[in-house]
1. Determine which member of the set 78, 121, 82 is within 20 Å of the chain's Cα centre (by Cα) and over 27 Å from residue 317 (Cα atoms).
2. Which members of the stretch 274-298 meet the condition of being surrounded by fewer than 22 Cβ atoms within 10 Å (Cβ to Cβ) and over 17 Å from the mean Cα position of the chain (by Cα)?
3. Could you list all residues from the stretch 196-216 that are free of Cβ contacts under 8 Å to residues at least 12 places away in the same chain and among the hydrophobic types (A, V, I, L, M, F, W, C)?
4. Does the stretch 217-237 hold any residues that are open to solvent by less than 60 Å² (accessible area, probe 1.4 Å), in contact (Cβ under 8 Å) with a residue 12 or more places away in the chain and farther than 30 Å from residue 47 by Cα, and which are they?
5. Within the stretch 368-412, take every residue that is farther than 13 Å from residue 435 by Cα and among the charged types (D, E, K, R) and give me the one that is nearest to the chain's Cα centre (by Cα).
6. Assess whether residue 353 counts as being over 21 Å from residue 266 (Cα atoms), hydrophobic (A, V, I, L, M, F, W, C) and at pLDDT 90 or above.
7. Quick one: residue 354 ticks every box in (1) of a type in the set (S, T, N, Q); (2) buried (at least 23 other Cβ atoms within 10 Å of the Cβ); (3) closer than 30 Å to residue 445 by Cβ except a single one, so which number is it?
Amino acid sequence: MAWNRRRSAADECGITQGVIWRQLLIFFFPILLGTFFQQLYNTADAVIVGKFVGKEALAAVGGTTGTLINLVVGFFVGMSSGATVILSQYFGGRKEREVSQTVHTAAALALTGGALLTVVGLVLSPALLRMMGTPDEVMEMALAYIRIYFAGMIPSLVYNIGSGILRAVGDSRRPLYFLIIACMTNIFLDVLLVVGLEMGIAGAALATVLSQALSAVLIVLTLMRSPQSFRLRAREIRLYPGFLKRIVHIGLPTGLQSVMYSISNIIIQTSINGFGTDVMAAWTAYGKVDGLYWMIINAFGISITTFVGQNFGARQYDRMKKSVNICLGMTAGVTVFLSGFLLLFGEVILRMFTDDAGVLQYGMIMLRLLVPTWFTYICIEIFSSAVRGAGDSIVPTLMTLAGVCILRVIWLMAVVPMRNTIPMVLLCYPITWTITSAMFLVYYRKGGWLRRCIRKAGLEE
């Protein structure tokens with residue numbers, strides 16, 4: 001009765017009812033804007049240090065440190081996605097007790113994981129930066145940035161987990177509002193600390209950490225004041241064994257997949273580092289342009305995971321399948337449009353980060369090679385997100401391991417040495433995306449994943 005006295009967030013946003021394409025967009029746009037402001041977080045650092053500190057600082061803040069941060073943080077965020085999937089299924093099935101215990105297990109995971117990552121990041125960062133072949137002129141700045149970043153790991157993970165909880169229950173707006181506030185704070189602090197107080201790269205890192213702490217406080221206060229079953233109570237935060245097991249079962253393969261992506265990207269970054277500081281800076285600047293697309297496609301992925309999860313929990317399998325097809329079409333349309341836009345105006349955007357002619361030249365080589373091939377990644381994102389929403393995470397991880405990570409490493413180790421050029425290094429992206437997308441298309445259509453997930457969840461009619 002308690003549930004019936006108030007409309008659930010899922011009903012309010014229409015995840016389990018209403019016109020699918022409209023409800024997808026209503027849910028998608030706050031996630032997209034949130035991802036945009038998340039990207040703006042890092043872009044603000046890159047723009048300000050690139051303009052006011054120099055290209056060495058730009059190389060340090062983006063390429064090398066960004067790849068390492070994605071490796072360590074990506075594993076935990078992937079792990080926590082297990083909680084998001086389980087929570088969306090329980091919420092769609094209106095199981096209040098299970099929702100509450102999943103929320104408190106996820107909160108405990110954020111606190112313990114954040115503390116662990118802080119220690120690991122501070123201890124291992126110097127060795128990892130050296131292993132990646134970071135040039136001497138970049139090393140000191142990169143180490144200063146990454147150490148400060150890892151010191152603030154707990155609030156970063158608390159925000160990511162908390163926003164994941166709200167999205168899982170159908171609320172994609174409040175995480176957006178909090179991220180906008182934090183992003184504006186980050187930009188203000190970047191200008192104050194880097195330009196005003198001349199703290200250099202340490203100021204950029206400190207601005208990011210303080211802004212993430214603010215967003216974590218806002219998300220925690222929201223969860224603690226919620227009247228619904230996902231309310232956070234400090235005294236109930238603990239690792240409930242049964243729910244932790246389910247979270248790990250779904251989240252561990254996703255976390256490992258993120259690690260595998262990052263390891264392959266570290267190998268690519270190492271190859272890029274070998275071409276010198278100009279190419280490193282260009283790769284950093286291109287990465288910010290490239291991030292515009294990935295924030296969009298990742299927002300579609302998060303949206304379809306939540307849609308599939310709640311409709312799976314509510315046993316609305318036809319609606320679940322229709323939402324996947326609609327989301328796939330939307331993603332393809334956006335990809336074509338954005339690819340054309342960046343091919344026309346890419347150089348103008350790159351000039352936001354640097355005026356160095358050599359850096360701009362290399363950046364345009366990267367953009368013209370990779371942007372036209374983005375469409376080859378669509379099936380990987382949408383189909384993998386969909387099957388994970390139903391609770392199938394092991395097979396997508398294995399396909400990603402084989403199709404993206406292993407093939408990418410083989411390309412870099414076996415093919416690139418025969419012709420060690422920037423285009424030859426970067427060709428590993430579209431080649432592995434194409435192969436892996438084909439694998440996901442076949443698995444989604446013919447793999448029998450839905451029947452297995454229904455049987456495993458005990459949802460047979």
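1. On inspection, the qualifying residue turns out to be 121.
2. Within the stretch 274-298, 274, 275, 276, 277, 278 qualify.
3. Those that are free of Cβ contacts under 8 Å to residues at least 12 places away in the same chain and among the hydrophobic types (A, V, I, L, M, F, W, C): 197, 199.
4. 220, 222, 223, 228, 229, 230, 232, 236, 237
5. 381
6. Taking the combined requirement at face value, the residue does not satisfy it.
7. Going through (1) of a type in the set (S, T, N, Q); (2) buried (at least 23 other Cβ atoms within 10 Å of the Cβ); (3) closer than 30 Å to residue 445 by Cβ one by one, residue 354 breaks only (3).
Residue-by-condition table, conditions (1) open to solvent by 10 Å² or more (accessible area, probe 1.4 Å); (2) without any contact (Cβ under 8 Å) to a residue 40 or more places away in the chain; (3) farther than 29 Å from residue 363 by Cα:
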| site | (1), (2), (3) |
| --- | --- |
| 381 | yes, no, no |
| 404 | no, no, no |
| 414 | yes, yes, no |
| 421 | yes, yes, no |
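The values are calculated or read from the model by the stated rules, or taken from the named source; none is laboratory data. Predicted, not measured: the structure shown is a model, and the values here were computed from it. When we count neighbours, we look across all protein chains shown, and the Cβ atoms used for this are built from the backbone with ideal geometry, even at glycine. Quick note on the areas: whole protein, heavy atoms, side chains included, nothing else; ligands and nucleic acids left out. Shrake-Rupley method; radii C 1.70, N 1.55, O 1.52, S 1.80 Å.
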